[in-house]
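These notes are about the structure you will find just below.
The values are calculated or read from the model by the stated rules, or taken from the named source; none is laboratory data. On a predicted model such as this, the values are computed, not experimentally measured, just so you know. Note that each Cβ is placed from the backbone with ideal geometry, even for glycine, and that neighbours are counted across all protein chains shown. Please note that ligands, DNA and RNA were not included when accessible areas were found on the heavy atoms of the full protein model with its side chains. Shrake-Rupley method; radii C 1.70, N 1.55, O 1.52, S 1.80 Å.
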Amino acid sequence: MVSYQRDSASSLSDKDFDFICQFAYQQAGIVLNENKREMVYRRFARIIRERKLNSFAQYCQLLRDNPEQEQRYFINAITTNLTSFFREQHHFDYLAEYEIPKILVENAKKKRIRVWSSASSTGEEPYSIAITFVETMKDKINHWDVKILATDIDCNVLNTGKEGIYEYRKIAGLPENYIKKYFVKLAQSKEDKYQVHKNIQKLITFKQLNLLHQWPMKGPFDIIFCRNVIIYFDKKTQQELFERYNKMLKPGGLLILGHSENLGSYQQYFDNVGRTIFRKPLIGQATNVTYS
Ligand SMILES: C[S@@+](CC[C@H](N)C(=O)[O-])C[C@H]1O[C@@H](n2cnc3c(N)ncnc32)[C@H](O)[C@@H]1O
């Protein structure tokens, strides 16, 4: 095994690496550079082994010959899916303290709320959103039409999200009463596994969506989460996406980014109301409010 890996490492030529970078950019907008060479090697050496291919060159030829058939495996291998329940807790605190009470007043007539988790990975993010809504709205949630759309490009992580089954270590950091109320221990599992309660699951729809492609939904959304995904894209793709997110939000709606992300020059079209929390202004341009 070790010698196979050494052979494969030497066979990841500059030409094959450049081709893989180009394919990742075309298919998913993901920008890879020299720093990612080791990661590319590790992830694709595994695929090459699984597919019983001999070299990176052979794998690149397969991508050239059958791009449509191969793109799913390729994308699942290239994406970084790191996430966790209540990651960046301050976003959920903002929803509970300000945004949900505000929406309950503003949407009181229609009793309808729409949220989009646009790079939902294995589901921890949309489930954290759903739990925050249930905790904040309490019984009211049964009388409102609350829907959370969870999308990702990677179909493996979406399947995990749909199932909603997690090892105990993934939920161990949650408050004890959350585990009791919102998770069900699976009796037949070897390790401790927990499934998200169906009352939480029913609020969420998981769908595959490449952010670079057309978006089939109409919106408007009250809140959009776009966390820890735009860092993989170049500036041009980021700015195009921000414009599309802006159109998908209702006036006054929220766009939430990840901890190391910012809107760049698109900031002028939003007000910065919290740490990486941006509000689409009600009319016209933003007043350039900046959170500090
Ligand atoms: C690091 S995870 C972020 C998960 C979650 N939003 C969070 O912050 O915890 C990034 C996710 O973006 C997804 N992704 C990457 N490129 C994408 C694209 N072009 N369209 C949709 N999702 C994409 C990956 O599959 C991955 O699950």
Failed criterion for E124 (all others in (1) more than 13 Å from the ligand (Cβ to nearest atom); (2) charged (D, E, K, R); (3) free of Cβ contacts under 8 Å to residues at least 60 places away in the same chain hold)
(1)
Quick one: would you say K102 is basic (K, R), open to solvent by 50 Å² or more (accessible area, probe 1.4 Å), modelled with pLDDT of 95 or more and closer than 24 Å to T151 by Cα?
no
Given the conditions (1) modelled with pLDDT of 95 or more; (2) buried (at least 16 other Cβ atoms within 10 Å of the Cβ); (3) more than 29 Å from Q22 (Cα to Cα), and given that N246 satisfies all but one, which numbered condition is not satisfied?
(3)
Kindly indicate the residue of region 249-269 that is within 15 Å of the chain's Cα centre (by Cα) and open to solvent by 30 Å² or more (accessible area, probe 1.4 Å) and also nearest to the ligand (Cβ to nearest atom) among those meeting that condition.
H259
Just one of A119, A108 is closer than 24 Å to Q214 by Cβ and either assigned by TED's automatic domain parsing to the domain that holds V229 or near the ligand (Cβ under 9 Å from one of its atoms) (or both); which is it?
A119
The number of residues in region 237-267 that are part of a loop (DSSP other than H, G, I, E, B) and over 14 Å from S118 (Cα atoms) is 5
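Just for region 85-105: of the residues that are outside any loop (DSSP other than H, G, I, E, B) and of a type in the set (F, W, Y), which one is farthest from the ligand (Cβ to nearest atom)?
Ranking the qualifying residues of region 85-105, first place goes to Y98.
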